[in-house]
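Visitor: Quick one: this structure, given as structure tokens, is what I'll be asking you about.
The values are calculated or read from the model by the stated rules, or taken from the named source; none is laboratory data. Predicted, not measured: the structure shown is a model, and the values here were computed from it. Cβ placement follows ideal geometry from the backbone for every residue including glycine, while neighbour counts extend to all protein chains displayed. In case anyone asks, the SASA skips ligands and DNA or RNA and just uses the protein heavy atoms, side chains included. Shrake-Rupley method; radii C 1.70, N 1.55, O 1.52, S 1.80 Å.
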Amino acid sequence: MTQTHQSAPAQQVQRAPGCTMVIFGAGGDLTKRLLMPALYNLSGAKQLAEDFKIIGVDREQISGDDWKRSLDETMQSFTHDKTAEFYTPQIDATAWGWIKDRLHYMQGDFSQSDTFKHIGEAIGGGSALFYLAVAARFFGTVVDGLGQAGLLKQPDGKFRRVVIEKPFGADLPSAKALNARILKQADESQFYRIDHFLGKETVQSIMALRFANGMFEPIWRRGYIDHVQITAAETVGVEERGAFYEPTGALRDMVPNHMFTLLCMVAMEPPNSFDAEAVRSEKAKLIEAIRPVRLEDAARGQYGAGKEFDAAVPGYRQEPHVAADSRTETYIALKLDIANWRWAGVPFYLRTGKRLAGRRTEIAVFFKPAPYQIFRDTPVDATKPNVIRLMIDPEQGIETALDAKVPGPKMQLGRVETSMRYKDFFDEKPNVGYESLLYDCMIGDATLFQRADAIEASWAAVQPLLDSWGRGEGKVEDYPSGSQGPSGADQLLERDGRHWEKLQE
Ligand code: BG6
């Protein structure tokens, strides 16, 4: 295949309007590992306003210098850990210095009104982006605190926006209650519910593939597509996050947010425009069309001891902060039925899990066979389905699998693949996926954020399954670390005469 490398056309991106970014959870992992690298990249790209500043708020009694020092250490560590979310051979002193000069630390308890009074004094009448990098149980508390202190009233010509991390609720009632609670304090347009999958270039590029290329439009529907497999497989275990993961599990951690985001990208109707509300309405419509998931359309599992690459690793129940008799699932597979005109009868199979045989985030679209087996009298048993694979992570690109004639006297078919990697065509910059999301919050573009109705529809789709599990129904199968996952997930497809794409290292 001919590959032409060309730099992306220089994009003229303007600096975002000036604001104070207030980070609740300044001492947390998210701030260090993702927000700071993203701000550093935005600083390097000159996308932040000169009068931009950052106030980090947390309970710990430390000095501003201590905070900066700890952020600095983490930033420098990115130069020698190629496996970190952010890897860069060196930290540009000017871009990072620009951010460091704007960092201020404020000790504060999120449940005390004084904290919000002090924040109010620090931001004055300017624009502010309140980033909730805190555990989900504090979301309501912080938004109440901001609202009660009058900090969510938008001064003339200025904005006050709140970025809320996941998980947004733990089920439908709690998601509804949280939406109702925060919407008492400010308007929906001021809330930016973040899903970092939407910050991934490769996820956004699915929209470009579908809506900028006429060749896909006629075939992207039930008449041509047999089924779709959406995979987010990880090789890592739960790591140090046992306390968070125990009450959460793979379904809540990944499905109503990240997996449904991928589903929307591949299955939503073309929006009338790229206007935020037009795009978000199509996503909400698609999610509302998912038929509520039943127990028999799911398979869950939990990793046992095994191997992560060549190293022996413990099972989930031996991980720190995990109960010895835990039933929390670390793997979930679902069969979704989308009740709309385009997708009726086309199953969407989703699977996500930890400690699997390979790390792979991708969407594989399987096409129906050719209408007539013209090869039936030849030594060709059956043609295989065509597949378009949209690769999101760690490979980033598109592959197609086709049947072709094997050279020789007989008509014999062999499998061929074409493949495209984005990096062969466009320059890549190290990024953590939060850059464009943060920038979008500052310029007020909510296209890539989840609206209240879509979040509630997502929880509604999985609620019957959560209810069944809550009643103790359905087994949690063990699967060895480093394997393909629980056998129930295979059966979910086998009963439909299909099978999963194999996960490989
Ligand atoms: C997070 C989940 O939101 O997404 C993690 O809490 C998961 O459990 C992660 O590992 C996966 O994201 P990525 O970008 O590494 O594929």
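Visitor: Along the charge dipole of the chain, Cβ charges K/R +1 and D/E -1, which of N340, Q463, M442 sits furthest on the positive end?
Guide: N340
Visitor: Can you tell me the relative contact order of the stretch 80-203? Whole percent, Cα pairs under 8 Å, sequence separation 6 or more.
Guide: Working: 111 pairs, mean separation 26.9, N = 124.
Reported as a whole number, the value is 22 percent.
Visitor: Moving on. Amide H neighbours of F78 under 5 Å, at least 5 residues apart or on other chains, H built in the peptide plane: list them.
Guide: none
Visitor: Apply 1/(1 + (r/R0)^6) to the Cβ-Cβ distance of R294 and E428, taking R0 = 56 Å, and write down the FRET efficiency to the nearest 0.05. Write out the running numbers ahead of the final one.
Guide: Numbers: r = 42 Å, r/R0 = 0.75.
So, using R0 = 56 Å, E works out to roughly 0.85.
Visitor: Would you mind giving the three semi-axes, in whole Å and largest first, of the ellipsoid equivalent to the chain according to its Cα gyration tensor?
Guide: Square roots of five times the eigenvalues give 40, 26, 23 Å.
Visitor: Tell me which residues come under 5 Å, amide H to amide H, from Q302 once H is placed; ignore anything under 5 positions away on its chain.
Guide: For Q302, whose amide H was placed from the backbone, the distant partners under 5 Å are T330, E477, D478, Y479.
Visitor: Hey, which lysines would be in cross-link range of K53, C-alpha to C-alpha under 22 Å, not counting anything within fewer than 8 residues on its own chain?
Guide: Straight-distance partners of K53: K32, K68, K100, K117, K153, K158.
Visitor: Let me ask something additional. Starting from the Cα gyration tensor of the stretch 21-111, take the square roots of the eigenvalues, sort them a ≥ b ≥ c, and report rounded, prolate or oblate (rounded when a/c is under 1.5, otherwise prolate if a/b is larger than b/c, else oblate).
Guide: Here the stretch 21-111 falls in the oblate category.
Visitor: Would you mind working out the accessible area per residue for the stretch 100-161, using a 1.4 Å probe, and quoting it in Å²? Please report the intermediate quantities before stating the final value.
Guide: Values: 2760 Å² over 62 residues.
Result: 44 Å² of accessible area for each residue.
Visitor: In the chain, what % of DSSP beta bridges are antiparallel (nearest 5)?
Guide: Working: 43 of 79 bridges.
Close to 55 percent.
Visitor: Mind jotting down the distance between the C-alpha centroids of the stretch 66-119 and the stretch 198-256, whole Å?
Guide: 30 Å
Visitor: Excluding same-chain residues fewer than 8 positions from K285, which aspartates and glutamates have a Cα within less than 15 Å of its Cα?
Guide: Within reach: E269, E277, D337, D453, E456.
Visitor: State, to one decimal in nm, how far the label point of A212 lies from the label point of S113, with both points 7 Å from Cα in the Cβ direction.
Guide: In this crude spin-label approximation the distance works out to 5.2 nm.
Visitor: Might you tell me the accessible area per residue for the stretch 34-95, computed with a 1.4 Å probe and given in Å²?
Guide: On the way: 3170 Å² over 62 residues.
Accessible area per residue: 51 Å².
Visitor: Now, a different point. Tell me, what is the percent relative contact order of the chain, built from C-alpha pairs under 8 Å that lie six or more residues apart? Don't skip to the end; give the middle numbers.
Guide: Working: 937 pairs, mean separation 95.4, N = 505.
It comes to 19 percent, rounded to a whole number.
Visitor: Here's a follow-up. May I ask for the net charge around A454, where only other residues with Cβ less than 11 Å from the Cβ of A454 are counted and Lys, Arg are +1 while Asp, Glu are -1? Present the calculation step by step, with values, prior to reporting the outcome.
Guide: Values: positive: R193, R280, K283, K285, R451; negative: D195, E282, E288, D453, E456.
For residues surrounding A454, the net value is 0.
Visitor: Tell me what the chain gives for mean residue ellipticity at 222 nm when only DSSP H runs of n ≥ 4 count, each as -39,500 (n - 2.57), the sum divided by the residue total, rounded to 500 deg cm²/dmol.
Guide: Numbers: 14 runs with 142 residues, N = 505.
Computed mean residue ellipticity for the chain: -8500 deg cm²/dmol.
Visitor: Rounded to the nearest 10 Å², what accessible area does K405 have for a 1.4 Å probe in the complete protein model?
Guide: 100 Å²
Visitor: While we're here: Efficiency by 1/(1 + (r/R0)^6): what FRET value for D445 and A323, r their Cβ-Cβ distance, R0 = 45 Å, to the nearest 0.05?
Guide: Numbers: r = 43 Å, r/R0 = 0.95.
E(calc), rounded to 0.05, equals 0.60.
Visitor: For F309 paired with Q90, estimate the spin-label separation in nm (one decimal), with each label point 7 Å from Cα along the Cα-to-Cβ line.
Guide: In this crude spin-label approximation the distance works out to 2.7 nm.
Visitor: Further question on the same structure: At 1.4 Å probe size, with the rest of the protein present, what percent of the exposed accessible area of the stretch 271-409 is carbon and sulfur atoms? Walk me through the numbers on the way to the answer.
Guide: Working: 3700 of 6690 Å².
On the stretch 271-409, the fraction of accessible area on carbon and sulfur atoms equals 55 percent.
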